1. Scanning for something surrounded by 19 or more Cβ atoms within 10 Å (Cβ to Cβ), part of a helix (DSSP H, G or I) and not acidic (D, E), does the range 247-259 turn up at least one residue?
2. In the range 9-54, what residues are closer than 20 Å to A158 by Cα, touching a residue at least 12 places away in the same chain (Cβ under 8 Å), open to solvent by 60 Å² or more (accessible area, probe 1.4 Å) and part of a loop (DSSP other than H, G, I, E, B)?
3. Within 24 Å of T145 (Cβ to Cβ), more than 25 Å from the chain's Cα centre (by Cα) and outside any strand (DSSP E or B), is that true of E121?
4. Taking the condition of being part of a loop (DSSP other than H, G, I, E, B), of a type in the set (D, E, K, R) and open to solvent by 70 Å² or more (accessible area, probe 1.4 Å), how many residues in the range 311-337 meet it?
5. Can you name every residue in the range 266-310 that is farther than 14 Å from K222 by Cβ, assigned to a loop (DSSP other than H, G, I, E, B) and out of contact with any Leu (no Cβ under 9 Å at 6 or more places or on another chain)?
6. What are the residues in the range 199-246 that are of a type in the set (G, A, S), closer than 20 Å to E279 by Cα and surrounded by fewer than 22 Cβ atoms within 10 Å (Cβ to Cβ), if any?
7. Condition first: within 29 Å of P137 (Cα to Cα) and in contact with a strand residue (DSSP E or B) (Cβ under 6 Å, 6 or more places away or on another chain). Can you find one or more residues in the range 91-99 that meet it?
8. From the residues in the range 74-118 that are open to solvent by 60 Å² or more (accessible area, probe 1.4 Å), assigned to a loop (DSSP other than H, G, I, E, B) and of a type in the set (D, E), which one is modelled with the highest pLDDT?
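The values are calculated or read from the model by the stated rules, or taken from the named source; none is laboratory data. Keep in mind that this is a model prediction, so the values were computed, not measured. Positions of Cβ are backbone-derived with ideal geometry, glycine not excepted, and every protein chain shown enters the neighbour counts. Calculation scope for accessible area: heavy atoms of the full protein, side chains included, ligands and nucleic acids excluded. Shrake-Rupley method; radii C 1.70, N 1.55, O 1.52, S 1.80 Å.
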Amino acid sequence: MNIGLLGGSFDPIHKGHIEIAKEALSLLSLDSFYFIPTKNNPWKDKQNAPGDKRKEMIEIAIHQKPKMKVCTIELDSTSDEKNYTIDTIHALKEMYPNDNLYYLMGMDQAMAFEKWKEAKEISELVQLVAFNRGGYPTAHPNLETYHFVKMDNVEITASSTEIKEGALDMLDKDVLRYISQNGLYLDTMIRNRMKEKRYKHTLSVASLTRDFCKSNGIDPLKGYIAGMMHDVAKEMPHDQAKKLMKKHYASHLDQPEPIWHQWLSRYVCENEFLISDEEILKAIENHTTASTSMSLLGMCLYCADKLDPLRGYDSSEQITLCKHDIEAGFRNCLTDFYEFSTKKHRPIDPCFFEVYDKYVKGVKCETKINQNV
């Protein structure tokens with residue numbers, strides 16, 4: 001059998017990886033193709049996603065592609081030392097002694113192959129194969145020195161780095177869903193959508209929401225995701241924001257523009273990041289104005305946004321209250337907003353009073369009734 005091998009972090013796997021596997025299967029007449037996610041990449045200090053998550057993303061990406069498989073030989077290693085290709089190839093040669101192994105790499109790696117540990121021995125144990133990558137030459141002396149087969153493929157331009165910086169179109173949709181559901185890479189994916197101050201606020205709110213959730217017996221991952229994504233559309237250009245509001249949230253167009261982002265952030269989460277968890281989406285949608293149907297997750301996000309320590313005032317007592325009892329903390333936030341706005345003679349949106357009446361006045365009335373019984 002002819003077996004193709006492609007090692008790497010796959011952090012995350014993207015369309016370019018799948019495309020090169022497809023082309024290799026065809027051009028090299030391969031019987032199977034193995035992706036080999038590394039545990040400790042010798043070229044990188046760390047992976048962003050843990051090994052099990054990277055493995056699961058590969059499995060999702062190759063679903064219904066029977067000739068593509070995942071080889072976990074490096075992930076299964078009990079050593080914390082760097083994974084070197086020569087060691088992996090020795091192990092694979094023992095596993096597949098009668099098969100032909102084709103080890104693939106992009107031209108970026110082929111150009112530096114002489115730096116690999118035991119490069120010459122690798123070239124003698126397997127058939128090396130180089131494929132074109134965008135931004136790199138299609139020829140190099142190493143191709144002859146180490147007896148590479150050169151694939152004449154369409155240049156691969158996708159990169160995991162660009163994906164982590166927000167290039168979502170490079171991902172298989174099911175992989176993107178998995179990423180969003182597990183809160184992977186979100187901190188870097190949203191970075192280019194907002195200014196530095198907003199970004200620091202977002203990171204702080206994500207951390208605080210997660211803490212509130214954990215202290216109150218709510219899924220902390222949901223809290224982290226909701227916090228990380230709550231302001232993702234805050235700095236959306238005005239024309240784009242207005243167009244989306246007219247099309248999808250026309251009933252809220254009369255609301256002040258500064259709060260449009262709670263609906264638009266839900267839209268971006270749902271349609272660009274493919275987040276489908278209704279509890280998370282509803283918490284984001286209500287994080288500015290609140291609503292009369294707040295979930296505990298929604299309360300955690302609402303309070304974290306209002307009490308973010310980066311806002312410049314001492315919110316430590318309120319944060320402690322929220323960690324102890326998020327419902328009491330939520331009522332406190334509503335009361336604080338009402339008293340502050342009244343004192344400063346600031347207008348209060350009528351919808352706020354519906355929320356205030358339910359969660360603050362309603363609780364006070366219930367308490368009085370219970371006291372009189």
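1. Step one: filter the range 247-259 for residues surrounded by 19 or more Cβ atoms within 10 Å (Cβ to Cβ), giving none.
There is no residue in the range 247-259 that is surrounded by 19 or more Cβ atoms within 10 Å (Cβ to Cβ), part of a helix (DSSP H, G or I) and not acidic (D, E).
2. Hits for the range 9-54 are K44, N48.
3. When the stated conditions are applied, E121 passes them.
4. Residues flagged as part of a loop (DSSP other than H, G, I, E, B), of a type in the set (D, E, K, R) and open to solvent by 70 Å² or more (accessible area, probe 1.4 Å) within the range 311-337 amount to 1.
5. Across the range 266-310, the qualifying residues are T288, T289, S291, T292, S293, M294.
6. Narrowing the range 199-246 to residues of a type in the set (G, A, S): 204, 206-207, 215, 217, 223, 226-227, 233, 241.
Pick out the ones that are also closer than 20 Å to E279 by Cα and you get 206-207, 215, 217, 223, 226-227, 233.
Once the filter is applied, which keeps residues that are of a type in the set (G, A, S), closer than 20 Å to E279 by Cα and surrounded by fewer than 22 Cβ atoms within 10 Å (Cβ to Cβ), the range 199-246 yields S207, S215, G217.
7. No, that holds for no residue.
8. Looking at residues that are open to solvent by 60 Å² or more (accessible area, probe 1.4 Å), assigned to a loop (DSSP other than H, G, I, E, B) and of a type in the set (D, E), I get E118.
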